[in-house]
1. For A:R328 and A:L152, calculate 0.36 nm times their separation in residues minus their Cα-Cα distance, and state this gained length in nm to one decimal.
2. Out of A:N70, A:F177, A:V87, whose Cα points farthest toward the positive end of the dipole of the protein assembly as shown (charges: +1 Lys, Arg; -1 Asp, Glu; placed on Cβ)?
3. What is the mean number of Cβ atoms from other protein chains located within 10 Å of the Cβ atom of each residue in peptide B:30-38, rounded to a whole number?
4. Tell me, what is the 1.4 Å probe accessible area of B:D56, in Å² to the nearest 10?
5. Whole Å is fine, so just give me how far the alpha carbon centre of segment A:27-75 lies from that of segment B:65-103.
6. So what does log10 I(q)/I(0) come out to for segment B:126-165 at q = 0.29 Å⁻¹, using the Debye formula with one equal point on every Cα and no solvent?
7. Got a sec to turn the phi values of segment B:38-47 into Karplus ³J(HN,Hα) couplings, 6.51 cos²θ - 1.76 cosθ + 1.60 with θ = phi - 60°, whole Hz, x for Gly and Pro?
8. From the P(r) of segment A:316-365, could you give the percentage of C-alpha pairs in the tail past 13 Å?
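The values are calculated or read from the model by the stated rules, or taken from the named source; none is laboratory data. All of these numbers come straight from a predicted model, not from anything done at the bench. Backbone-built Cβ (ideal geometry, glycine too); neighbour counts: all protein chains shown. These accessible areas exclude ligands, DNA and RNA; they are computed on the full protein's heavy atoms, side chains included. Shrake-Rupley method; radii C 1.70, N 1.55, O 1.52, S 1.80 Å.
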Amino acid sequence: LRFLIVSQLDPYARAVRTITKYVEKAAALGHEVAVYGEKVSEGPQVPYSLDVDRFDFALFVIYQAADFPNLPYLARLLDGMPKERRVIVDCLGRYNETIRVDHDFNHLEKLDGHQGWEWVEGFQAVSDVVLQPTLNPQRDDVHSFLFHAFDLEAVARPYASAADAARAWSAKGAKPFGLVYVGNNWQRWDQIAALLQALAPVRNQLGPTCLTGWDWERRPDWAIELGLAGVDVDPDLLARLGVETRSAVPYNEVVDLAGQGSFCPIIHRPLFRHLGLVTTRTFETFCSDALPLLLLPTEQVEALYGSAALALVPGDDPAGFVEDALRRPEPYWDAVLGTRAHLAKHHSYERRFDNLAAILGTAALAPSAPAAR
Amino acid sequence: MKVLFVMERRVDAGSIHAVANHIRAGDEAGHTMALYGRPDPRFPGVRFAVDATAFDHVVFVVESSLSWMSALRIPAILERVPRSRRAVLDVDGMYNPLICVDSYDRNHAAEEERATWLAHYAMLADRVFQPTLGSHQPGVFPVPFYGYDPASTLAPEASPPKCFDVMHVGHNWWRGRELNRLLPALERIRDELDGVCFLGSWWDRPPAGANELGLEAAFATDSDSLTRLRIEVRPPVPFTDVIREMSVGRVNLMTQRPLFRQLRILTSKYFEIFCADTIPLVLLAPDHAEAVYGNAGPELSLDYGVEEKLLDALASPRKYREIVEEVRRHLIEHHSYRRRVEELVSALASSLEVTRSP
């Protein structure tokens with residue numbers, strides 16, 4: 001496969017980890033992947049290209065409207081790449097009817113100026129093929145493609161056995177934090193707050209907690225101005241529970257930072273839970289040297305991670321889960337190693353390239369037609 | 001002719017009132033005009049449409065942002081409407097060479113930014129219009145666009161009660177220098193005034209993120225002076241309420257950002273203020289006021305002696321009503337939306353001729 005990824009790479013957010021992995025893995029697997037655009041001196045060091053003709057298709061990785069290049073670059077791309085070879089990975093479920101879940105949403109005009117129908121018709125104007133990183137897309141004209149993946153080679157501390165893992169993990173002074181969450185405060189607060197409160201009774205055994213990412217210190221001015229509740233935070237609660245907040249770290253520091261905690265929660269924002277969407281962190285967290293707390297629906301856990309991962313679901317008793325894991329970590333690490341093996345088998349980047357080739361073979365790489373613009 | 005406007009839709013800012021007036025006046029003149037989008041109750045009286053192929057021309061009304069020209073809406077339009085039938089209405093002078101007025105107001109922060117704009121314009125259309133009465137900018141065709149709607153003129157008997165002696169309706173967007181002239185004058189006569197109100201966005205504080213975007217000067221405000229001068233700040237109102245809100249002031253002040261004044265760019269406010277039941281006083285040079293408002297225009301210019309003019313207007317409402325009526329007659333003759341529609345239709349038709357000729 002030779003494809004161009006079209007997206008805005010932000011070292012602190014969205015799919016930057018996944019995109020750099022596609023670039024990295026492509027060469028080893030006999031593929032070629034570059035990012036569409038001018039070479040930039042800052043940010044991820046990936047190959048950039050404007051040479052549209054050299055590639056078989058363009059993979060638009062879309063979270064927000066700004067992930068499309070601005071007009072002159074977009075026109076060059078649309079002129080050079082026929083519509084049937086343009087593929088959209090709809091990471092946020094934009095290509096759906098407007099959905100509201102708690103404070104979360106897939107369209108909000110006051111935030112980005114676009115109404116729901118524009119997302120749907122805009123996608124249709126750019127491409128005939130829309131993929132969503134969920135096992136269960138809601139629309140018939142969407143293909144399931146999880147996009148994000150697990151890289152076994154990126155595991156921070158590979159262990160030969162659960163006993164080794166448990167020993168290393170339990171060693172005195174091994175972890176500066178009991179719990180670390182690495183992610184930005186965007187539609188996460190309700191779940192984080194509930195977790196922190198649930199763990200309050202075992203704070204002393206657990207150790208300090210650290211939240212790393214944008215806007216954990218206070219609700220930002222722009223959210224207040226727009227009346228957005230999805231960026232809530234309660235500084236008093238954080239202070240009361242002794243939670244440390246840190247600013248965001250770049251994508252290549254996430255695994256190490258997550259591993260500074262004994263536990264690292266995997267949380268999907270309400271919209272993602274509703275649509276079953278996965279994220280970079282869904283898989284990347286299993287690379288860190290922390291016990292993942294899977295705060296996801298049980299059926300999704302089993303479908304994504306395999307049955308071994310069910311042991312990592314704290315359910316209604318996070319405090320009991322943490323106490324038990326601290327007391328006898330080996331079964332939990334056994335679940336982690338089992339889950340890593342499942343992910344390596346079913347959700348590797350190699351598998352994603354195969355998935356993509358299969359989808360494009362049937363849906364996108366039909367005989368070329370003239371450029372649709 | 002059928003014309004589809006494409007623009008950033010803002011209910012309380014920009015060119016939405018002019019578009020609504022073009023739709024109404026277009027209907028009267030047998031031209032069908034609409035705004036790109038789905039019907040939206042926040043925009044009463046505005047016809048919406050999304051099928052660009054149903055229109056003869058598409059006019060991109062471009063203000064001071066490019067972000068609304070997103071890939072979600074523009075490619076579909078470019079794909080369906082031939083270039084010869086597209087035009088850009090450059091309402092903020094972004095097409096002009098880099099200009100910085102008095103080391104303060106500017107169209108672009110740097111040449112690179114302007115290059116980005118020109119690249120966008122080059123994508124959209126060959127033809128660029130600007131809302132002036134006559135442009136000296138090469139490659140730009142003047143299409144005044146903003147106009148006067150006599151039917152919207154609020155009669156004194158239909159006007160709401162007066163709450164303020166002095167009103168200013170507009171957002172705090174590059175108005176700092178204008179305030180440097182107005183506020184000292186208001187301060188000198190403040191005790192003689194019965195209420196002063198500034199209605200619009202960002203008078204109390206800049207929007208979040210302004211400083212990060214390098215726009216602190218654009219939103220700078222002197223909140224200490226506003227407080228000291230007992231100036232009531234009210235939030236903006238939808239375009240449908242602007243004329244009524246202006247009418248609660250005995251006198252309305254019209255300011256314009258320095259860049260627009262230098263480029264002689266028209267705005268909705270030039271004409272809305274004459275629809276309101278108020279005495280408009282405009283911060284324009286007398287010759288500028290005359291060019292737009294006719295012979296009586298200079299009588300309403302605040303260019304010299306702001307406080308004297310203000311006190312005179314408040315003390316002699318009958319005299320100023322006559323001046324306003326004379327200006328309104330001039331506006332009906334020269335700046336009605338009926339005329340604006342014909343000018344636009346003519347410009348679009350001639351641009352088509354130019355494109356067709358060998």
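1. 60.8 nm
2. The one lying farthest along the dipole's positive direction is A:V87.
3. Neighbouring Cβ atoms belonging to other protein chains average 1 per residue here.
4. B:D56 exposes around 60 Å² with every protein chain in place.
5. Cα centroid of segment A:27-75 versus Cα centroid of segment B:65-103: 25 Å apart.
6. Debye intensities relative to I(0), on a log10 scale: -0.97.
7. 8, x, 9, x, 6, 10, x, x, 9, 7
8. 70 percent
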